[in-house]
């Protein structure tokens, strides 16, 4: 078995099958984890698929002029009816990608817009979007009434950054449409401002203008075609002033064409931002470089790998963003984005990283960072070795035990505990203990816990032992390895400000916000695990009065608080309105509801016993705000496949025919679920 950083042995199970023994993570290759992006695709495939699609689109481009989107033929029928219209609309997006290869100034944004549509929308939804856009354009041309009330859904997108990317991509590809959000659902409707402008100018100019408007590129300009009619120019000026006056300004200028004829054009530009006196204006967002890549790591924690990357590239760990923390003793693949580093510079660092167990590939530019939770889950390929019955009795039917366990987990699920890796690998001090000290604002104690050494004589432990024995900050710094960026940042701050309360606060503020709040989340996760175990032990797998339900089951797994939380009534319990997989329990925070059954008082007692009876879950001096969230107590593996393999132990000289059973498992889990926890339920043993 692997080390047990936090013993889950006292926590209850949901099923009552016998289970079996086996060893996991004999080697990193026995535990392979591949992240699934927000669309459910493996991150090892997504970039390759997008690049192949873009290259195919580019190679298929001909010199001949592409057909326009639903061209205005003054009453004539379109060439291929609706199918032709859909094809033309799709071609519009392809044209945008083609322009990327022709115009280096557009190399980033427009290709990204096409990538977003391909990545976030299924083919059926893309086709529905195209058909809707075609019908809107036809309605605009024929001035059909009632079109303004029509809308089409693109689906649910719980992640805010994914919604923002989709909004921009749709508006860039289809300027005649507006996007809006209802809860987490993204919808499109006709852009009536587009219709009004197209009547004043032309569809082509309206397309270009609204694409320019949505891009919001600083210092960019848009110029309408020359217009000899002053009254018409005035109408255009008035339209832009009325609709977009706070954002845009217009100006007419005249020039002579090649024939010496004086012509007047209208130019539109974005208004300059006003900067308040005494405040410095920060750099514009569009000046920041973001590079995305797939990170493959072996026998490293995600945070440790990020520290290596930051040290190699000469940037801060906080410049990296990722969707989730992956296992250490495993081979894992995940998406990562780094800012202020170009793809070329990242490629140059590849050779320096391989000796650390790190590989990077699928390197490509992007326009934004990642957020924690910006994934749909993970795919696991796991090998369990030396599989045997709990009793050790070889006469027991092992195959039957395994089949029973797998079927129970498939049908009844597993309790969605946070896994041991959530709490750190330490035996002496784990992350949740540091988090509790931070919540109690015991800053010096949190520092001491952070630098508490573990067993072993590696360089990191030697530095921590020296610090624990001497509190010689200046002497500890040269002992701490360079790649331990977080520890060195904290030590440098302590060396400057001292070990006073103020100095310790400065020290914690020197490390990224995501790391500071990680420790507090670890403590809240420990409380959630124990509360969930109490809930199952008290009420079992049935929904009871006082339980909490999330109405919108498609929302993000750890969604923010709101009116979606419902308390089960006695009548609903009697009528069995809800199922156990809909029940959630809260992670402690300042804005959550607690169950009104026995689980609610359990939370209050647990927090009081930890000295948090008056905790507001805000640590102002560290800029930490913990509102809390909700987590489903039961989850299910998807596409669970298992394959037992009988192996002869040829290395056993005394028993050359001895056989051992190896079990190969493959399955997917939703985000924030732990494979070790799923295996714990299946095998009825702790890791």
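Summary table below
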{"read-out": "Within the range 388-403, tally of residues that are surrounded by 20 or more Cβ atoms within 10 Å (Cβ to Cβ) and in contact with a strand residue (DSSP E or B) (Cβ under 7 Å, 6 or more places away or on another chain)", "value": "1"}
{"read-out": "Lone unmet requirement of (1) touching a helix residue (DSSP H, G or I) at 6+ places or on another chain (Cβ under 6 Å); (2) buried (at least 17 other Cβ atoms within 10 Å of the Cβ); (3) under 27 Å from residue 512 (Cα atoms) for residue 621", "value": "(2)"}
{"read-out": "Among (1) within 43 Å of the chain's Cα centre (by Cα); (2) touching a residue at least 24 places away in the same chain (Cβ under 8 Å); (3) surrounded by 15 or more Cβ atoms within 10 Å (Cβ to Cβ) - the single one residue 227 does not satisfy", "value": "(1)"}
{"read-out": "Condition met for residue 251 (in contact with a strand residue (DSSP E or B) (Cβ under 8 Å, 6 or more places away or on another chain), surrounded by fewer than 15 Cβ atoms within 10 Å (Cβ to Cβ) and under 17 Å from residue 175 (Cα atoms))", "value": "no"}
{"read-out": "Subset tally (residues that are touching a residue at least 60 places away in the same chain (Cβ under 8 Å) and touching a strand residue (DSSP E or B) at 6+ places or on another chain (Cβ under 6 Å)) for the range 141-187", "value": "3"}
{"read-out": "Considering residues of the range 348-358 that are surrounded by 15 or more Cβ atoms within 10 Å (Cβ to Cβ) and touching a helix residue (DSSP H, G or I) at 6+ places or on another chain (Cβ under 9 Å) only, the residue farthest from residue 662 (Cα to Cα)", "value": "349"}
{"read-out": "Test set (1) more than 30 Å from residue 580 (Cα to Cα); (2) in a strand (DSSP E or B); (3) touching a residue at least 40 places away in the same chain (Cβ under 8 Å) - residue 630 fails condition number", "value": "(1)"}
{"read-out": "Within the range 514-549, tally of residues that are without any contact (Cβ under 8 Å) to a residue 40 or more places away in the chain and either surrounded by fewer than 18 Cβ atoms within 10 Å (Cβ to Cβ) or assigned to a helix (DSSP H, G or I) (or both)", "value": "2"}
{"read-out": "Residues satisfying the stated conditions in the range 576-609, i.e. within 23 Å of residue 437 (Cβ to Cβ), modelled with pLDDT of 95 or more and surrounded by fewer than 16 Cβ atoms within 10 Å (Cβ to Cβ)", "value": "604, 605, 608, 609"}
{"read-out": "Scan of the range 476-502 for residues that are surrounded by 14 or more Cβ atoms within 10 Å (Cβ to Cβ) and free of Cβ contacts under 8 Å to residues at least 12 places away in the same chain, ordered by number", "value": "488, 497, 498"}
{"read-out": "Verdict on residue 168 being more than 20 Å from residue 248 (Cβ to Cβ) and at pLDDT below 85", "value": "no"}
{"read-out": "Residue count, the range 272-309 (criterion: on the phi > 0 side of the Ramachandran plot and either within 21 Å of the chain's Cα centre (by Cα) or at pLDDT below 50 (or both))", "value": "1"}
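Table: residues versus (1) in contact with a strand residue (DSSP E or B) (Cβ under 9 Å, 6 or more places away or on another chain); (2) not in a helix (DSSP H, G or I); (3) not assigned by TED's automatic domain parsing to the domain that holds residue 356.
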position	(1), (2), (3)
441	yes, yes, yes
446	no, no, yes
449	no, no, yes
455	no, yes, yes
460	no, no, yes
463	no, no, yes
468	no, no, yes
488	no, no, yes
496	no, no, yes
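The values are calculated or read from the model by the stated rules, or taken from the named source; none is laboratory data. Keep in mind the model is a prediction, meaning the values are calculated, not measured. FYI the Cβ positions are ideal-geometry reconstructions off the backbone, even for glycines, and counts take in every protein chain you see.
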